[in-house]
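Can you keep this structure in mind? I'll have questions shortly.
The values are calculated or read from the model by the stated rules, or taken from the named source; none is laboratory data. Owing to the predicted nature of the structure, the values given are computational and were not obtained by experimental measurement. Backbone-built Cβ (ideal geometry, glycine too); neighbour counts: all protein chains shown.
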Amino acid sequence: MGRTDRIAEPWGTRTPYGRGEQWPVRVDTYLADGLAPEQVDRWVQSAAVLHSNGDGLDIAVKDGRIVGVRGRAGDRVNHGRVDPKDLFGWQANASPDRLTRPLVREGGKLVETDWDTAMDRVVARTRELMEEQGPSSIGFYTTGQLFLEEYYTLTLVARGGLGTNHLDGNTRLCTATAAEALKESFACDGQPGSYTDIDHADTIALFGHNMAETQVVLWSRVLDRLAGPNPPAVVCVDPRPTPVARAATVHLAPRPGTNVALMNGLLHEIIGNGWVDQDYIDRHVVGFEELRKRVGDYPPERVATICGVPAEQIREAARILGTAERLLSTVLQGFYQSHQATAAAVQVNNIHLVRGMLGRPGCGLLQMNGQPTAQNTRECGANGDMPGFRNWENDAHMADLARVWNLDPLHIPHYTPPTHAMQMFRYAEEGSIRMLWVSGTNPAVSLPELSRIRSVLAQDRLFLVVQDAFLTETAQLADVVLPAAIWGEKTGTFTNVDRTVHLSEKAIEPPGEARSDLEIFCDYARRLDLRDKDGGPLVPWSDPEAAFEGWKECSRGRPCDYTGITYDKLRGGSGVQWPCNDEHPDGTERLYADGKFWSAPDYCESYGRDQVTGAPVEETEYRALNPEGKAVLKAAEYLPPHEMPSREYPFLLTTGRTLYQFHTRTKTARAPQLRDAAPEVWVEISERDAADHGVGEGDLVEITTARGSVRARARISGIRDEVLFLPFHYGYWDTGAGHEPDGTGRAANELTITDWDPVSKQPIFKTAAAHLRRVEAATAPAPAPTTTASAPVAAGAVPPTRGGSAAEVQEEMSATFPGGAR
């Protein structure tokens, strides 16, 4: 047992293990106020909420308040480890600026009121718009951080009750491409792999995925394999020198926006050298000849010119991928938020399909999520899909959904694809959406081209409802603000990237009059008197477990089948991977074993889309292409980004995350350890570019695009030349310090473009042409962490990032995994 500064050492102490062995247990515990574990009144089961890994943990409660957390030793996901964001982020629950009463706008100002007054305004405006303009005048924009039960209730209310097609989540910004890439290749959402594939893989490839900062505990698992016998080879694709890149066997650093060309070059070598499983292709895959022809146009020399990556590096990476015996690949925002997002992510799927690397230990594919419950948003139909991975184009699927909801199928909108978030905001801008309900997200910081988004949200004709725990930048523009309970203050389930379902129990009461999102949605349905076709209440439940049981019926027989899961089954032990049903009572570790896919035309979630235009593939075309329900190889031509560098804007700007903050810092900025580790925005610039522009470490610079300007301190890092990086977390209010900014822009999304991938409709945050200007000399180094991808080139000149005694975490090691489960 020891104590570690988990700001200085985010991944904690190493517990090495070898291929095929169990990952050893290391239980991380952090308690405030000098408390010892035996002084805690009770420990309440939960899971991590500030990233998508889904780490099992317990909440420490004393005197009715949260005082810390510890990892769950027996959980299959984390074996006791906890991410720094979760070790310290729970302090936001007790922040003095929590919303405790509803707010309504009076005379241009938000004032406190009671729930009846606030909800009466929301219901009255709903009824007015339904009568005057119909359901298409109302939109709902939610998050990736609520519970499954809350998403499902929201979907039932919005799609089944009001009949609006306008329902999406901020998962559109982080995980829409994951879902769409899986649907393109397998005709259905659902991650094929399992985290346990790290234990068996001899090669791990990370495509645009800075796992070390976005899934800290999962990277700890990789680090422990690298520290043990027979370590895996690591291939990293990222323009920045991330911790993943520093640990990689081969690091490919392409120009932003050229991922499709790079992937085609890798496939050119894999196919050209015969590193394919032809028998698997013949039995389980369609589209191979088209793919072979397309990638034939991308030899390494051509790709090197497009991507700015040496041809020999491309060949070496392809050799490692092509000769691996057990390959695990992960993909995240470096692909999803970039140009040709879906086409690039699909090429990763193609590598696994031509190599037959699916459904076996170590042969995994994880199109990662960015948020803790993004998978639930997709499953429940709150993100632009239909519940239970039903196909909106399949009348039988929609009739089955109508049966579950006891509605006429025509009442559920499916005449066109569900509206995606970027289109919803355009409709609001144009005036056809007149009421927008935002729950658990902060689009005034997270969406692209923020000057435009602020003007949309501030329109007098738009009735804006915001449901949140804090007065965020978005809430400040609202007509009604509803105070919401957050993690630890309510009960529900959420599902992580590898389909593991966890139960999070209520540990404490929410502050003041704050209510859970489930209570708010149920109250809205009751006040509107929403009914099914027999006159019964459309939403028949009022508590989380009853809502979960309702969801189970909706999932029955679908790929994401939860019918074998109960709250009692989730209590006390580990999470359970769906599908879990009579056939798989203990859950399912990996999908698509023996080439069995969910892609049959009558069962599949999607018929696919054109990779260039995004146009849906017709059912008849899909049936002709794939009558036997195989996996689909989809080729893609590289196309240049829509906005390229120029004389005026010579840099490519890319945005992203840092380990110590989450999204728009609504919670993490209220945890002192996390706030202090990355307190303010910075910009990363290469050593050569800094010298060319007369910029030194910590100098204040101004970054400008065609849409706006941001000022930030310069961090001279190992980022590739002609590329700038800004973390996107920092809004125009200083959430952590609690005061207004000084009037200069600091939100990265002031600069990003209003453009999106044609297939997934995910905004493009990774490619914008930018200009940089030095404003003033440094007074101190940039406020960027030294432990992460933002590490300075001149390491000795910058004080190392430390948390000190306030960030010390107890780590208890054990070689034994409780219960022997994996």
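Which residue is nearest to Cys380 (Cα to Cα), if the candidates are limited to the range 553-577 and must be surrounded by fewer than 16 Cβ atoms within 10 Å (Cβ to Cβ) and within 26 Å of the chain's Cα centre (by Cα)? Spell out how you get there, then give the answer.
Initial filter on the range 553-577 (surrounded by fewer than 16 Cβ atoms within 10 Å (Cβ to Cβ)): 553, 556-557, 567-568, 571-572.
After this cut, where a residue has to be within 26 Å of the chain's Cα centre (by Cα) as well, the list is 556, 567, 571.
Details: Arg556: 13, Tyr567: 18, Arg571: 22 Å.
Ranking the qualifying residues of the range 553-577, first place goes to Arg556.
When the residues of the range 402-440 are narrowed to those that are hydroxyl-bearing (Ser, Thr, Tyr) and crowded, with 20+ Cβ neighbours inside 10 Å, which ends up nearest to the chain's Cα centre (by Cα)?
That would be Ser439.
For the range 7-32, give me the residue count where each residue is of a type in the set (Gly, Ala, Ser), more than 27 Å from the chain's Cα centre (by Cα) and crowded, with 18+ Cβ neighbours inside 10 Å. Spell out how you get there, then give the answer.
Quick first cut of the range 7-32, residues of a type in the set (Gly, Ala, Ser) only: 8, 12, 18, 20, 32.
If we keep only those that are more than 27 Å from the chain's Cα centre (by Cα) as well, we get 18, 20, 32.
Filter once more, keeping what is crowded, with 18+ Cβ neighbours inside 10 Å: none.
Looking only at that region, the number is 0.
Could you tell me which numbered condition Glu301 fails, if it satisfies all but one of (1) more than 26 Å from the chain's Cα centre (by Cα); (2) surrounded by 20 or more Cβ atoms within 10 Å (Cβ to Cβ); (3) in a helix (DSSP H, G or I)?
Every listed condition holds for Glu301 apart from (2).
So in the range 498-540, with the set limited to residues that are in contact (Cβ under 8 Å) with a residue 40 or more places away in the chain, assigned to a helix (DSSP H, G or I) and not hydrophobic (A, V, I, L, M, F, W, C), which one is surrounded by the most Cβ atoms within 10 Å (Cβ to Cβ)?
Asp517
Inspect the range 446-468 for any residue being closer than 28 Å to Phe389 by Cβ and among the aliphatic types (A, V, I, L, M) and give the result as yes or no.
Looking for residues that are closer than 28 Å to Phe389 by Cβ and among the aliphatic types (A, V, I, L, M), one finds at least one in the range 446-468, hence yes.
If you take the residues in the range 121-134 that are surrounded by fewer than 16 Cβ atoms within 10 Å (Cβ to Cβ) and in contact (Cβ under 8 Å) with a residue 40 or more places away in the chain, which one is nearest to Glu513 (Cα to Cα)?
Arg127
Name every residue in the range 338-351 that is touching a Ser or Thr at 6+ places or on another chain (Cβ under 8 Å) and surrounded by 24 or more Cβ atoms within 10 Å (Cβ to Cβ), in order of residue number.
Ser338, Ala341, Thr342, Ala344, Ala345, Val346, Val348, Asn349, Asn350, Ile351
State all residues of the range 458-471 that are under 17 Å from Leu146 (Cα atoms) and part of a loop (DSSP other than H, G, I, E, B); if no residue qualifies, say none.
Answer for the range 458-471, where residues must be under 17 Å from Leu146 (Cα atoms) and part of a loop (DSSP other than H, G, I, E, B): Ala469, Phe470.
This table checks each residue for (1) farther than 30 Å from Ala428 by Cα; (2) out of contact with any Phe, Trp or Tyr (no Cβ under 8 Å at 6 or more places or on another chain); (3) at pLDDT 95 or above.
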{"residue": "Thr474", "(1), (2), (3)": "no, yes, yes"}
{"residue": "Asn496", "(1), (2), (3)": "yes, yes, yes"}
{"residue": "His502", "(1), (2), (3)": "yes, no, yes"}
{"residue": "Glu509", "(1), (2), (3)": "yes, yes, yes"}
{"residue": "Leu538", "(1), (2), (3)": "no, no, yes"}
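Then there is this: Quick check on the range 154-162. Is at least one of its residues part of a helix (DSSP H, G or I), basic (Lys, Arg) and surrounded by fewer than 19 Cβ atoms within 10 Å (Cβ to Cβ)?
Within the range 154-162 (the criterion being part of a helix (DSSP H, G or I), basic (Lys, Arg) and surrounded by fewer than 19 Cβ atoms within 10 Å (Cβ to Cβ)), the answer is no, since none of the residues qualifies.
Can you tell me which residues in the range 270-298 are in a helix (DSSP H, G or I) and either closer than 19 Å to Val260 by Cα or in contact with a Leu (Cβ under 7 Å, 6 or more places away or on another chain) (or both)?
Scanning the range 270-298 gives Ile270, Ile271, Gly272, Phe288, Glu289, Glu290, Leu291, Arg292, Lys293, Arg294, Val295.
Yes or no: Leu226 assigned to a helix (DSSP H, G or I), buried (at least 19 other Cβ atoms within 10 Å of the Cβ) and not polar (S, T, N, Q)?
Numbers: assigned to a helix (DSSP H, G or I): yes; buried (at least 19 other Cβ atoms within 10 Å of the Cβ): no; not polar (S, T, N, Q): yes.
Criteria not met by Leu226.
For the range 177-216, how many residues meet the condition of being assigned to a helix (DSSP H, G or I) and within 30 Å of Asn406 (Cβ to Cβ)?
Result for the range 177-216: 2.
Considering only residues of the range 441-452 that are surrounded by fewer than 24 Cβ atoms within 10 Å (Cβ to Cβ) and not hydroxyl-bearing (Ser, Thr, Tyr), which is nearest to Thr474 (Cα to Cα)?
Asn442
In the range 659-666, is there at least one residue being of a type in the set (A, V, I, L, M), out of contact with any Asp or Glu (no Cβ under 7 Å at 6 or more places or on another chain) and either surrounded by 15 or more Cβ atoms within 10 Å (Cβ to Cβ) or more than 30 Å from Ser805 (Cβ to Cβ) (or both)?
no
Counting just the residues of the range 48-68 that are β-branched (Val, Ile, Thr) and within 23 Å of Lys569 (Cβ to Cβ), which one comes out modelled with the lowest pLDDT?
Val49
Given (1) surrounded by 23 or more Cβ atoms within 10 Å (Cβ to Cβ); (2) touching a residue at least 60 places away in the same chain (Cβ under 8 Å), identify the lone condition not met by Trp392.
In the conditions (1) surrounded by 23 or more Cβ atoms within 10 Å (Cβ to Cβ); (2) touching a residue at least 60 places away in the same chain (Cβ under 8 Å), Trp392 misses (2) alone.
Same structure, new question: Going by the conditions given, is Thr500 touching a helix residue (DSSP H, G or I) at 6+ places or on another chain (Cβ under 6 Å) and hydroxyl-bearing (Ser, Thr, Tyr)?
no
I want to confirm something. Restricting to the range 776-819 and keeping residues that are polar (S, T, N, Q) and in a loop (DSSP other than H, G, I, E, B), which single residue is surrounded by the most Cβ atoms within 10 Å (Cβ to Cβ)?
Of everything passing the filter in the range 776-819, Ser790 is surrounded by the most Cβ atoms within 10 Å (Cβ to Cβ).
Table: residues versus (1) modelled with pLDDT of 95 or more; (2) touching a strand residue (DSSP E or B) at 6+ places or on another chain (Cβ under 8 Å).
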site: Leu365; (1), (2): yes, yes
site: Gly370; (1), (2): no, no
site: Arg378; (1), (2): yes, no
site: Gly381; (1), (2): yes, yes
site: Gly384; (1), (2): no, yes
site: Asn391; (1), (2): yes, no
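Still on this structure, I have one more. Write out, first by first residue and then by second, each pair whose Cβ atoms fall under 7 Å of each other, whose residues are 6+ apart or on separate chains, and whose first residue, in the range 408-436, is more than 18 Å from Glu605 (Cβ to Cβ) while the second is among the aromatic types (Phe, Trp, Tyr).
Qualifying pairs under 7 Å: Ala421/Tyr141; Met422/Trp756; Met424/Tyr141; Ile433/Tyr427; Arg434/Phe463; Met435/Phe463; Leu436/Tyr141.
Please give the number of the condition Leu751 fails out of (1) at pLDDT 95 or above; (2) closer than 18 Å to Asp699 by Cα; (3) not acidic (Asp, Glu).
Here Leu751 clears every test but (2).
Please specify each residue of the range 136-192 satisfying the condition of being within 18 Å of Tyr336 (Cβ to Cβ) and either β-branched (Val, Ile, Thr) or free of Cβ contacts under 8 Å to residues at least 40 places away in the same chain (or both).
Across the range 136-192, the qualifying residues are Thr143, Thr171, Thr175, Thr177.
Does at least one position in the range 363-378 carry a residue that is part of a loop (DSSP other than H, G, I, E, B), farther than 28 Å from Asn230 by Cβ, among the hydroxyl-bearing types (Ser, Thr, Tyr) and in contact (Cβ under 8 Å) with a residue 24 or more places away in the chain?
There is at least one residue in the range 363-378 that is part of a loop (DSSP other than H, G, I, E, B), farther than 28 Å from Asn230 by Cβ, among the hydroxyl-bearing types (Ser, Thr, Tyr) and in contact (Cβ under 8 Å) with a residue 24 or more places away in the chain.
Quick one: is Thr113 more than 27 Å from Val217 (Cβ to Cβ) and modelled with pLDDT of 95 or more? I'd like the intermediate steps shown before the answer.
On the way: more than 27 Å from Val217 (Cβ to Cβ): yes; modelled with pLDDT of 95 or more: yes.
Considered against the rule, which asks whether it is more than 27 Å from Val217 (Cβ to Cβ) and modelled with pLDDT of 95 or more, Thr113 comes out as yes.
Is it the case, given these coordinates, that Arg246 is at negative phi and touching a residue at least 12 places away in the same chain (Cβ under 8 Å)? Give the derivation first.
Numbers: at negative phi: yes; touching a residue at least 12 places away in the same chain (Cβ under 8 Å): no.
Against the criterion (at negative phi and touching a residue at least 12 places away in the same chain (Cβ under 8 Å)), Arg246 does not qualify.
Give the residues of the range 484-534 that are closer than 23 Å to Trp405 by Cα and hydrophobic (A, V, I, L, M, F, W, C), sorted by residue number.
Phe494, Leu518, Ile520, Phe521, Cys522, Ala525, Leu528, Leu530
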